[in-house]
Amino acid sequence: MVRRRPAPGSLTGRTVVVTGATSGIGAAIAEGAVALGAHAILVADAARGPTRSRPASSNDSPARG
């Protein structure tokens, strides 16, 4: 079996944790990571609440643990 490497710059198969993901640069980083194939775990400030964030893609599913 031949294993293929992801394309250079790809985050396919990687998981990233992004803090401050409700707005600004944190939201942009989360969106960019998902666009490159990563699974993103978004951390938001409780004071701002999750209502200010939006899903990065329609394939998002809640974390299970």
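The values are calculated or read from the model by the stated rules, or taken from the named source; none is laboratory data. All of these numbers come straight from a predicted model, not from anything done at the bench. All Cβ positions, even for glycine, are placed from backbone atoms using ideal geometry, and neighbour counts span all protein chains on display.
Side notes on the structure shown:
- Selection count where residues are on the phi < 0 side of the Ramachandran plot, among the small types (Gly, Ala, Ser) and in a loop (DSSP other than H, G, I, E, B), scope segment 1-37: 4
- Residues within segment 38-65 that are within 9 Å of the chain's Cα centre (by Cα), assigned to a loop (DSSP other than H, G, I, E, B) and at pLDDT 75 or above, tallied: 1
- Pairs meeting the criteria (first residue in segment 6-34 and farther than 10 Å from Ala44 by Cα, second residue assigned to a loop (DSSP other than H, G, I, E, B) and of a type in the set (Val, Ile, Thr), beta carbons under 8 Å, at least 6 apart or on different chains) are Pro6/Thr12.
- For Ala28, the requirement of being at pLDDT 75 or above and surrounded by 13 or more Cβ atoms within 10 Å (Cβ to Cβ) is not met.
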